[in-house]
Amino acid sequence: MFSFFVTVLVLIQVIATSGGQSVSDERNQQACVSAGVPGVPGSPGVNGSPGRDGMKGEKGMNGEKGLVGDAGAQGIKGEEGRKGEKGIKGERGLVGDVGSKGNAGKIGPQGPRGIKGETGRKGEKGEAMTLNWKQCVWNRYDHKDSGLIQNCNFRKLDSNSALHVAYAGNLRVKCSSGECCSRWYFTFNGNECSGPMTIEGVVYGSPANDNPLRHRQIEGYCENIPAGQVTIGFNIGSCNKFTSTTYDGLTGWKSVSRIMIAEVPPSQK
């Protein structure tokens, strides 16, 4: 298409040139008797370079929003599909093989039968015992380092019973040098308890502990004492396996001292 327009333009130029030349030819014809034969048309000119793109046009204005269309009619509900046929019941699976029975464990050897113990003899019915008790009280202090501090007589009712004895009061031992120890203990008719062991208490002293005056309590149970009158003595002496003799014992300093005695049922076996 482009080459067509170029050809047309060239023809127009040729015609225009021919028109200008015709005036000149007429003049020449006056001078000359005959005109020359027209020349061969020239070759088409070279295509011109493509023109530049035109400037981009301005953005057009947004058009008005269109009206909302009417809601479409609800479609017709489709027919319900037919119910599918029930599937074929599957075949029952095969029963698995029964496992083999485990081996029985070995039975252990039976232990020897124990020897039957002898039937114990029936115990004698105990007699009801009312509480039989006594206390001896004094208010003095005694500087004896050995010997009897106080006796208290008691009438025991049953040979099978036990005696509970207790001392409550202030005791101390004092020494100017080295170490010292005093022992307070009970006697029953002049003898210390042997059922099961002695009833005693010891107080240890030293120069660093100058005068340890303290309220103390010594008590215990004594068995194997026959019924009848029992003289219970509270005594002081040196500690067993303690060789020091430079000590000063004190019993009942500025306070009441007491011996308490009670007859009680025998101990359980």
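The values are calculated or read from the model by the stated rules, or taken from the named source; none is laboratory data. Predicted model, so just to flag it, every value in this text is computed and none were measured. Using ideal geometry, Cβ is built from the backbone for each residue, glycine included, and neighbour counts are taken over all protein chains shown.
Return the only residue of Glu179, Glu118 being among the charged types (D, E, K, R) and either in contact with an Asp or Glu (Cβ under 7 Å, 6 or more places away or on another chain) or closer than 30 Å to Arg214 by Cβ (or both). Before the answer, list the steps.
Working: Glu118 fails: either in contact with an Asp or Glu (Cβ under 7 Å, 6 or more places away or on another chain) or closer than 30 Å to Arg214 by Cβ (or both).
So the residue among Glu179, Glu118 that is among the charged types (D, E, K, R) and either in contact with an Asp or Glu (Cβ under 7 Å, 6 or more places away or on another chain) or closer than 30 Å to Arg214 by Cβ (or both) is Glu179.
Output the residue which, of all residues in the range 196-224 that are over 51 Å from the mean Cα position of the chain (by Cα) and assigned to a strand (DSSP E or B), is modelled with the lowest pLDDT.
Result: Ser206.
For residues that are at pLDDT below 95 and within 25 Å of Gln229 (Cα to Cα), tally how many sit in the range 129-145.
Going through the range 129-145 one residue at a time, the tally reaches 3.
Among the residues of the range 159-174, which ones are surrounded by fewer than 17 Cβ atoms within 10 Å (Cβ to Cβ), under 11 Å from Ile225 (Cβ atoms) and either in contact with a strand residue (DSSP E or B) (Cβ under 9 Å, 6 or more places away or on another chain) or among the basic types (Lys, Arg) (or both)?
Listed by number, the list holds a single entry, Ser159.
In the range 242-269, which residue that is more than 55 Å from the chain's Cα centre (by Cα) and exposed (fewer than 12 other Cβ atoms within 10 Å of the Cβ) is nearest to Asp142 (Cα to Cα)?
Filtering first and then ranking leaves Lys254.
In the range 162-185, what count of residues is obtained for those that are of a type in the set (A, V, I, L, M, F, W, C), under 16 Å from Gly249 (Cβ atoms) and assigned to a strand (DSSP E or B)?
At the first step, the residues of the range 162-185 found to be of a type in the set (A, V, I, L, M, F, W, C) are 162-163, 165-166, 168, 171, 173, 175, 180-181, 184.
Filter once more, keeping what is under 16 Å from Gly249 (Cβ atoms): 171, 173, 175, 180-181, 184.
Then drop every residue that is not assigned to a strand (DSSP E or B), which leaves 171, 173, 180-181, 184.
Residues that pass the stated criteria total 5.
Cβ-Cβ distance below 8 Å, separation of 6 or more or different chains: which pairs start in the range 225-239 with a residue that is closer than 17 Å to Trp184 by Cα and end on one that is surrounded by fewer than 19 Cβ atoms within 10 Å (Cβ to Cβ) and basic (Lys, Arg)?
Here the result reads Ile236/Lys144, each pair linking the range 225-239 to a residue that is surrounded by fewer than 19 Cβ atoms within 10 Å (Cβ to Cβ) and basic (Lys, Arg).
Kindly indicate whether any position in the range 45-65 is among the hydroxyl-bearing types (Ser, Thr, Tyr), in a loop (DSSP other than H, G, I, E, B) and modelled with pLDDT under 80. Before you say what the answer is, go through the steps one by one.
So the first thing to find is which residues in the range 45-65 are among the hydroxyl-bearing types (Ser, Thr, Tyr), and the list is 49.
Subset that is in a loop (DSSP other than H, G, I, E, B): 49.
Next cut, modelled with pLDDT under 80 only: none.
Within the range 45-65 (the criterion being among the hydroxyl-bearing types (Ser, Thr, Tyr), in a loop (DSSP other than H, G, I, E, B) and modelled with pLDDT under 80), the answer is no, since none of the residues qualifies.
So that you can scan it fast, the table gives a plain yes or no per residue for (1) within 30 Å of Gly120 (Cα to Cα); (2) out of contact with any strand residue (DSSP E or B) (no Cβ under 8 Å at 6 or more places or on another chain); (3) of a type in the set (Ser, Thr, Tyr); (4) part of a loop (DSSP other than H, G, I, E, B):
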| position | (1), (2), (3), (4) |
| --- | --- |
| Pro226 | yes, no, no, yes |
| Thr231 | no, no, yes, no |
| Ile236 | no, no, no, no |
| Phe242 | no, no, no, yes |
| Leu250 | no, no, no, no |
| Trp253 | no, no, no, yes |
| Met260 | no, no, no, no |
| Pro266 | yes, no, no, yes |
